[in-house]
Every structure is written in structure tokens, then in C-alpha cells.
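Engineer: Encoded as C-alpha cells, here's the structure I'll be asking about.
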Amino acid sequence: MDSNGDGIGDLGGIRRKLDYLQWLGVDAIWISPIYPSPMADFGYDISNYTDIDPIFGTVAEFDALLDDVHGRGMKLLLDYVPNHTSDRHPWFIDARASRSSQRRDWYIWRDPDPGGGPPNNWRANFGGSAWAWDKKTGQYYYHAFLREQPDLNWRNPQVQRAMLEVLRFWLDRGVDGFRVDVMHHLVKDTEFRDNPPNPDFRSGMSPYRELLTTYTVDLPEVQEIVAMMRAVIEEYDDRMLVGEIYLPVERLMAYYGASGRGAHLPFNFQLILLPWKAKEIAAAVGRYEALLPSYAWPNWVLGNHDKPRIVSRAGAAQARIAAMLLLTLRGTPTMYYGDEIGMRDVPIAPDQVQDPFEKNVPGLGLGRDPVRTPMQWSDVESAGFTSGTSWLPLADDFKTINVANLMQERSSILNLYHRLIQLRRKEPALSVGDYAAVPVGNDLIVLCENQRIADFWSRSISPDNHAASISASCRRRALSCGSQRTSIVSMSESRTSFSCVPTKA
Ligand code: NOJ
Ligand code: CA
């Protein structure tokens with residue numbers, strides 16, 4: 001929420017909505033970057049890691065927010081962006097001043113290819129070459145994202161020290177942990193070899209995906225850096241590290257670190273990335289569970305600020321099923337603001353585009369503005385988000401799809417989320433119970449819990465309760481899981497409900 005009428009959400013706005021987050025049942029809040037930034041990539045281009053951008057507030061307001069959050073028994077995680085700084089960061093300004101600058105090696109510089117042009121074929125995530133020409137010093141610098149986001153050279157011990165100090169700065173202030181931006185990107189090939197072509201590339205995909213990321217992403221040395229970050233976290237009590245990592249699950253597991261000395265939670269994005277098909281999701285849950293090392297704690301993510309929302313991917317009815325899946329799977333669930341009220345992606349007219357990704361690579365549906373529109377609090381003007389003009393347009397449906405309205409509606413998706421979270425708190429089986437799948441057909445997933453689940457489902461949390469028919473058809477096979485209670489999730493388009501059936505033999 002925006003507390004000062006400039007149309008942009010801020011720390012004061014978050015503070016005003018803590019009652020709501022507490023009511024919803026949120027345990028920990030992750031805030032996207034709030035540090036000083038020229039905002040070329042909406043805060044992911046940081047020019048000072050140890051301050052707050054005036055757009056969002058002050059350090060004093062941050063401290064007050066942290067106190068309020070802790071006072072309510074909740075936790076607060078910050079976004080830590082170690083892969084790149086802003087090109088306006090004093091470190092980069094120094095680095096580009098001359099080839100002999102003290103901090104020249106804090107970034108990644110290369111001479112042009114002998115034939116002219118960039119040193120190799122590496123691509124930037126947001127379009128074009130990953131190499132930007134620096135005329136003054138006659139070299140290219142590497143940027144995995146925008147040219148305004150030069151990559152730090154994490155092989156340099158001074159960079160390591162300076163960036164680990166950033167963690168300590170915020171840990172000393174009392175933050176409970178960090179979501180680490182593109183953790184898998186931190187180290188690049190020392191020989192700067194060309195990335196090979198991606199045989200699975202199809203037209204319509206981001207041009208970045210034309211190449212594999214063999215020499216730019218997920219190099220073994222990244223694990224050393226992750227271990228350093230974890231060691232800093234371990235200097236403090238009860239703090240945690242979440243890694244933003246887009247990799248196949250087989251590779252993801254490495255980010256838990258040797259014997260669990262890596263990230264506490266390498267984000268598991270399968271519910272965001274996979275087609276919304278029961279069979280595929282069930283297989284993915286099974287594969288993920290089977291791959292988890294004994295010391296690893298699972299996690300599931302349903303939405304974030306970079307990917308289409310669940311309602312737009314799967315429809316409003318399936319968004320309810322997704323909520324149930326997210327909140328009944330074993331491990332830590334992460335939800336994205338607005339998904340709990342069923343917000344959908346908002347179409348953005350060309351003249352309203354803010355996201356540099358859409359500006360650089362237009363028309364492929366890669367832009368992230370549609371999922372970043374103002375939270376819909378109520379049916380008043382600007383949906384109660386701002387007293388001014390919001391930085392992105394509001395959804396057309398905000399008069400009905402809003403917190404105030406959906407709180408009143410007993411069977412709304414918002415109340416479903418609220419009750420699911422309550423149930424999850426009450427029933428340890430839902431977070432720490434064993435998981436076993438029961439094969440029942442293409443459009444159903446059955447989850448078995450090894451402890452008693454309260455008689456929750458019988459209170460009918462879904463308006464169109466087809467649970468009975470689903471139960472009947474599954475009952476026999478569900479019995480085979482041998483547990484006292486079974487959750488059944490239907491992902492078929494015609495059966496939009498779910499239930500929990502007693503399965504005592
Ligand atoms: C991942 C973040 O989630 C995304 O929003 C950002 O643009 C890139 N990393 C670059 O920092
Ligand atoms: Ca504001």
C-alpha cells in the first residue's frame with residue numbers, strides 16, 4: 001500500500017496492513033528490494049546496499065516496521081541482490097573510471113573479440129548481448145540482466161567481504177533472513193567460453209533461451225559462495241536464507257549445500273513453471289520428494305513478481321485447488337500478494353509499460369507489469385491502494401475482487417486461504433507429515449497424511465462441493481494409503497472441488 005499518495009507502495013503502507021497479514025496467517029514477510037536505486041529494474045539495481053530509498057521510506061521507518069512485525073510474532077525477510085549492482089553504485093563508478101581503478105576487478109571486464117565486437121556470445125536475460133561497451137576504458141563489462149546492472153566479480157575476495165558485510169548490516173538490525181536474488185548466477189567461466197545453442201529453443205521463447213547457460217549459470221564454484229553466505233547467517237540465531245534459483249530440480253538440490261550448509265530453502269518453482277495438469281504436478285511432487293536429501297526441508301512456491309499469476313494460468317476455480325495444494329504439501333509454502341484474493345494478470349497498454357524486460361523484448365508476454373499491479377484492498381477509488389495515481393493500472397475487477405469484499409463472503413478464496421492456513425497451523429501433519437501419493441487417475445491428486453487431520457473439510461470450504469462424487473470414486477484406492485485421513489485434490493476442469501475423506505479401513 002502507498003502511504004504518502006505518490007502512487008508507489010512503501011514501508012508505511014506495509015505497516016498499515018500488518019493487521020491484515022496477521023489475520024491471514026502469514027508467518028514471514030519477504031519484501032522486494034527497498035534500497036536506494038535508480039529503479040532501472042524496480043529496485044533490483046542497487047546503488048547503496050545499506051540504506052533505504054526515499055521512495056519507500058527511511059531507515060528509521062524500516063526499524064519501526066521490523067519492530068511491529070516482530071511484535072506480532074512474524075518474521076521479516078529482505079531481498080539480497082548479490083549478483084549485480086546498479087551502474088550508479090559508487091563501486092562501479094570507481095571501477096569504470098580507469099583500468100587501474102582500485103575496484104576495476106570488482107566487476108567483469110573483457111577486451112573486444114579480436115575480430116571486433118563483444119568477447120563472446122553470452123546473452124543478457126533482458127535481451128541482447130550480455131556485454132556492454134565502455135568507451136572510456138575500451139573494454140566490455142558483463143551484465144546478466146540490464147546494462148544498468150553490471151555483474152559483480154564474486155571471485156574477488158574483496159567483493160566477497162564487502163557483500164557479506166551487507167548481510168551483517170541488516171542482520172545486526174534484526175532482519176530474520178534474505179531471499180537471495182539469482183543465487184545460481186554468481187560465478188562465471190574463467191575462460192569465457194561461448195555458451196552452446198539450446199536444442200529445445202522454439203520461436204516465441206525469450207531470445208535469452210536460444211543458448212544454454214553452461215558457462216554463465218550454476219558453476220560448481222557458486223556453492224562456495226552460498227556456503228559463505230550461510231556461514232554469515234550462522235553467526236546469528238534463528239535466521240534464514242532463501243535462494244531464488246531457476247534450475248531443474250536435480251540441480252536445485254545442490255543449493256541446500258553439502259550436509260545442509262547452503263540455502264535453507266532453494267525456491268522450488270515447479271508449481272509456477274509446470275503446466276497445470278494433475279498428472280504432471282503429482283509426478284513433480286513425487287520426484288522432488290524423492291530427490292530431497294535427508295537434511296533438506298522442502299518448499300513450494302505458487303506465485304511471484306516475475307511470473308504469470310495462478311488465476312491467469314489455471315482459472316479462478318483451479319486457483320482454489322492450487323491454494324489447497326500449496327498449503328497441504330509438506331514444507332514451507334510461499335505465496336504472492338494478491339493471489340489470496342484471486343487477482344489476475346492485468347493487461348498493460350503499450351504506453352503504460354514500465355518493465356524494462358517488456359520494453360527490450362516486446363510482444364512475447366514476458367513483461368512482468370501485469371503481475372505487479374496494485375493490491376486490491378477495497379472498492380473505493382484506486383482500490384484503497386493509494387490516494388494518488390497508482391504507478392501501474394488497476395485491474396478492472398477491483399470493485400468485486402478486493403479484500404474488504406471477499407472477507408465478507410464466507411466461501412471466498414480469501415477465506416479459503418485464511419482457513420487453510422489456520423488448519424495448517426493446527427495440524428502438524430500438514431507441514432511435517434509424510435507424503436505419499438495414491439494413483440487415482442489423470443485429474444486427481446491424493447495426498448496421504450500420517451497424522452490425524454481435523455474434520456475440516458466436512459465443514460465444506462468450497463462452494464460447489466463435488467467432493468462426494470470424487471470421494472466415492474477414489475475411496476477404494478485411497479484406502480491403500482493406510483492413513484486415517486486423505487486429502488483429495490481435483491484438478492479437472494469439470495470438478496473444481498476437493499475434500500478430505502476418512503479412510504479408516
Ligand atoms: C530476479 C528478480 O526476481 C527479478 O525481478 C529481477 O529482474 C532479476 N532477478 C534481476 O535482479
Ligand atoms: Ca508511496
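The values are calculated or read from the model by the stated rules, or taken from the named source; none is laboratory data. Owing to the predicted nature of the structure, the values given are computational and were not obtained by experimental measurement. Reconstructed Cβ throughout: ideal geometry from the backbone, glycine too, with neighbour counts over all protein chains shown. Ligands, DNA and RNA are stripped out before the accessible areas are found, and what is left, the full protein with its side chains, is counted by its heavy atoms. Shrake-Rupley method; radii C 1.70, N 1.55, O 1.52, S 1.80 Å.
Engineer: In nm, what is the difference between 0.36 nm times the number of residues separating Asp200 and Asn4 and their Cα-Cα distance?
Structural biologist: Residue separation times 0.36 nm, minus the Cα-Cα distance, leaves 65.8 nm.
Engineer: Under 14 Å between alpha carbons, and skipping anything fewer than 8 positions from Lys135 in its own chain: which aspartates and glutamates qualify?
Structural biologist: Straight-line reach from Lys135, under 14 Å: Asp111.
Engineer: As a quick test, which of the pairs Lys188/Lys359; Lys279/Lys359; Lys75/Lys359; Lys279/Lys426 have an alpha carbon distance above 32 angstrom in this structure?
Structural biologist: Violating the 32 Å limit, Cα to Cα: Lys279/Lys359; Lys75/Lys359.
Engineer: Mind checking the dipole of region 1-82: about its Cα centre, +1 per Lys or Arg Cβ, -1 per Asp or Glu Cβ, Debye to the nearest 20?
Structural biologist: Once rounded to the nearest 20, the dipole reads 300 debye.
Engineer: Mind checking the full-extension length gain between Ala283 and Ala437? Use 0.36 nm per residue of separation minus the Cα-Cα distance, one decimal, nm.
Structural biologist: Separation in residues times 0.36 nm, less the Cα-Cα distance, equals 54.5 nm.
Engineer: Tell me the net charge near Phe126. Cut-off is 12 Å between Cβ atoms, Phe126 excluded, with +1 for each Lys or Arg and -1 for each Asp or Glu.
Structural biologist: In short, -2.
Engineer: Give a residue-ordered list of calculated ³J(HN,Hα) values for region 346-359 (Karplus: 6.51 cos²θ - 1.76 cosθ + 1.60, θ = phi - 60°; whole Hz; x for Gly, Pro).
Structural biologist: 9, x, 10, 5, x, 7, 9, 5, 10, 5, x, 4, 5, 5
Engineer: What whole number of Å gives the distance from the Cα centroid of region 326-391 to the Cα centroid of region 236-268?
Structural biologist: 27
Engineer: Provide the per-residue ³J(HN,Hα) series for region 166-180, in order, calculated from phi with Karplus coefficients 6.51, -1.76, 1.60 and θ = phi - 60°, each as a whole number of Hz, with x at glycine and proline positions.
Structural biologist: After applying 6.51 cos²θ - 1.76 cosθ + 1.60, I find 4, 4, 4, 3, 7, 5, 4, 6, x, 5, 8, x, 9, 9, 9 Hz.
Engineer: Something else: Using the Cα centre of region 334-447 as the reference point, and only Cβ charges (+1 on K/R, -1 on D/E), how large is the resulting charge dipole? Debye, rounded to the nearest 20.
Structural biologist: Here region 334-447 has a charge dipole of around 400 debye.
Engineer: For helix 278-291, report the angle its Cα long axis makes with the longest principal axis of the Cα atoms of the chain; keep it between 0 and 90° and round to the nearest 10°.
Structural biologist: For helix 278-291, the angle is close to 60 degrees.
Engineer: Something else about it: So, counting K/R as plus one and D/E as minus one, what does the shell of residues with Cβ under 10 Å around Leu18 add up to?
Structural biologist: Net charge around Leu18: +2.
Engineer: Next up: Counting only protein heavy atoms and a 1.4 Å probe, tell me what percentage of the chain's accessible area is made up of carbon and sulfur.
Structural biologist: 51
Engineer: Rounded to the nearest 500, what is the 222 nm mean residue ellipticity of the chain from helices alone, with -39500 (n - 2.57) per DSSP H run of 4+ residues and division by all residues?
Structural biologist: About -8000 deg cm²/dmol.
Engineer: Could you check the simple spin-label distance between Thr214 and Met228, using points 7 Å along Cα→Cβ, in nm with one decimal?
Structural biologist: About 2.7 nm separates the two model spin labels.
Engineer: Could I ask something else about it? Provide Arg99, Arg155, Arg330, Arg179 ordered by accessible surface of protein heavy atoms (probe 1.4 Å), highest first.
Structural biologist: Arg99, Arg155, Arg330, Arg179
Engineer: Here is a follow-up. Whole Å is fine, so just give me how far the alpha carbon centre of region 1-44 lies from that of region 70-93.
Structural biologist: Result: 14 Å between the Cα centres.
Engineer: Further question on the same structure: Hey, which lysines would be in cross-link range of Lys277, C-alpha to C-alpha under 25 Å, not counting anything within fewer than 8 residues on its own chain?
Structural biologist: Excluding near neighbours in sequence, the set is Lys307.
Engineer: Sticking with this one: If you put +1 on each Lys and Arg Cβ and -1 on each Asp and Glu Cβ, how big is the dipole of the chain around its Cα centre, in Debye rounded to 20?
Structural biologist: Using only the charged Cβ atoms, the result is roughly 1600 debye.
Engineer: Counting only heavy atoms of protein chains, what accessible area per residue, in Å², does the chain have with a probe of 1.4 Å?
Structural biologist: On a per-residue basis, the chain sits at 41 Å².
Engineer: Would you please put 46-58, 188-200 in order of how densely packed they are, using the mean number of other Cβ atoms within 10 angstrom per residue and starting with the highest?
Structural biologist: Order by mean packing, descending: 46-58, 188-200.
Engineer: Can you check what the net charge comes to around Leu211, using other residues whose Cβ is under 12 Å from the Cβ of Leu211 (Lys, Arg +1; Asp, Glu -1)?
Structural biologist: The answer is 0.
Engineer: What base-10 log of the normalised intensity I(q)/I(0) is obtained for the chain from the Debye formula, alpha carbons as equal point scatterers, at q = 0.09, 0.11, 0.14 Å⁻¹?
Structural biologist: After summing over all Cα pairs, the log10 values are -0.67, -1.01, -1.57.
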